[in-house]
1. Against the definition (in a helix (DSSP H, G or I), modelled with pLDDT of 95 or more, among the aliphatic types (A, V, I, L, M) and not assigned by TED's automatic domain parsing to the domain that holds ILE229), how does ILE76 come out, yes or no?
2. Any chance you could count how many residues in the stretch 178-205 are of a type in the set (D, E, K, R) and either over 21 Å from ILE302 (Cα atoms) or not in a helix (DSSP H, G or I) (or both)?
3. Hey, does the stretch 219-228 have a residue that's in contact with a strand residue (DSSP E or B) (Cβ under 7 Å, 6 or more places away or on another chain) and on the phi > 0 side of the Ramachandran plot?
4. Of the conditions (1) in contact with a Ser or Thr (Cβ under 9 Å, 6 or more places away or on another chain); (2) assigned to a loop (DSSP other than H, G, I, E, B); (3) not hydroxyl-bearing (Ser, Thr, Tyr), LEU210 clears all except one; give me its number.
5. Restricting to the stretch 390-410, name every residue that is at pLDDT 95 or above and not hydrophobic (A, V, I, L, M, F, W, C).
6. Only one of GLU411, GLU423 is more than 20 Å from the chain's Cα centre (by Cα), in a strand (DSSP E or B) and assigned by TED's automatic domain parsing to the domain that holds ARG353. Can you tell me which?
7. Using the structure shown, decide if SER271 is hydroxyl-bearing (Ser, Thr, Tyr), surrounded by 24 or more Cβ atoms within 10 Å (Cβ to Cβ) and either under 12 Å from the mean Cα position of the chain (by Cα) or under 20 Å from GLU42 (Cβ atoms) (or both).
8. Which of (1) over 29 Å from GLY391 (Cα atoms); (2) in contact with an Asp or Glu (Cβ under 6 Å, 6 or more places away or on another chain); (3) not in a loop (DSSP other than H, G, I, E, B) is the odd one out, the single condition GLY451 does not satisfy?
Amino acid sequence: MNTIDRRTFIGSSISAAVGAALFPLAGCADRSAEDPWLLADEIRNRIQAPEFPDRDFLVTEFGAIADDETDSTKSINDAIRACAEAGGGRVVIPAGTYSTGPIHLLSNVNLHVTENATLSFYTDPEKYLPLVFTRFEGTECMNFSPLVYAFEQENIAVTGGGTLDGNADYDNWWIWKKSREGEKQPNPSIKQLTEMGDAGVPPEERIFGLEGRLRPCFIEPYRCRNVLIEDVRLRRAPFWQIHPVLSTNVTVRGVDVNSHGPNNDGCNPESCRDVLIENSFFDTGDDCIAIKSGRNTDGRRINVPSENIVVSNCEMRAGHGGVVIGSEMSGGVRNVFAENCHMSSPDLWYMLRIKTNSLRGGFVENVHVRKVKIGTVGIAAVRVNFHYSDGDVGEHVPRVSNVSVSDVIGEDVRQVLFLQGYERSSVQDIRISNSRFEGVQEANVVEHVDGLVLDNVYSDFGS
């Protein structure tokens, strides 16, 4: 039993053969539009990290022991409660390794994991009971507590330069998705949860946990304001790693995220507003940064977009995409900016990827990428796909418009563009400018796209 706690061609389609002739190509561009990056500056300037009183609560004074054996869960959470009751401050994890279960942050508390400290999380699912109110792949439910969780809190942080180790591997959490040999493990609970969302079952009655085998996220602030995650290392996550949901004024800065399990996305802001992700490193088993806003009916029920998101000065290595939007994007995504990033790995599939289908629906508008250096990407620089996963089997037609990519240098890019909209809903207004792509082996695919502009773009395909 589970217990509960809570992107200029006119025409709707361009063949791959025509697309192959696009590079090199210079065109005249309308430069009269207002610089969209001014909005990025506005967003960045208003995002402010929370500040905390100059007051420390050492977890060792509440009984935590750094022997990588003693269960310090209660001691850490007791220190958090005491800190919050005193008006806030830092809960300090001193040097050493502390075994712990779920940590629940409260308002005005900075969980400060010092540089030589490690929070080593248990892998026994029973430790993550009682169940809490959360989202799994874009659908709300009652499920295991995330490893670090906050619900409806304000002014919270995880900082300090230390390590949070989820200890996940194919002997515990990851085996619920696939085996060590790569054999997928079907989980009917995922379909069941989606069906519950489609049927309008109240989220509080979508109860999962031990029998449901839906893995918890690593760090999840849910319906929170003023969130800071800074200078920590994340390792061996059960599932998605940094997952703010329905939260505003979120700063993710200086994090080192390295975990290669299934669905180990690096940072997934979902239905969030005003998010800054900067100066961070992502080497992941799935998308490095994936911006989301809920799945299918449940995402439309909540109907909150992710908007005003700035990604800056980040390094992406392995992962399905560097900057990704979707696939859970039923609430829409707007105003996404990514700049000054470096992406390179044979295991990195795309630089920019937008993925959806007619079950997801939703809109994506105003996505701008500039000043990116690509070493290697395994599939394409830019991918927009309306046929992701389930394909075109639904009634909710997605929309993608106003996507710009500029000042990109790609050294080893198998394909530049792979754009696939619908005949009834073309991808609108994709602009690539001042960019150079080398090592190109495959023709572009451009299907059902209106308003494709290439300005001062070079590719060595066919040379």
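1. no
2. Final tally of qualifying residues: 5.
3. So in the stretch 219-228, the residues in contact with a strand residue (DSSP E or B) (Cβ under 7 Å, 6 or more places away or on another chain) come out as 219-228.
Still in the running and on the phi > 0 side of the Ramachandran plot: 223, 226.
Taking every residue of the stretch 219-228 in turn, at least one turns out to be in contact with a strand residue (DSSP E or B) (Cβ under 7 Å, 6 or more places away or on another chain) and on the phi > 0 side of the Ramachandran plot.
4. With respect to (1) in contact with a Ser or Thr (Cβ under 9 Å, 6 or more places away or on another chain); (2) assigned to a loop (DSSP other than H, G, I, E, B); (3) not hydroxyl-bearing (Ser, Thr, Tyr), LEU210 is out only on (1).
5. Hits for the stretch 390-410 are ASP392, GLY394, GLU395, HIS396, PRO398, ARG399, SER401, ASN402, SER404, SER406, ASP407, GLY410.
6. GLU411
7. So SER271 passes the test.
8. All conditions are met except number (1).
The values are calculated or read from the model by the stated rules, or taken from the named source; none is laboratory data. Values in this document were obtained by computation on a predicted structure and should not be read as measured data. Don't worry about glycine lacking a Cβ; one is built from the backbone with ideal geometry, like all the others, and counts go over all protein chains shown.
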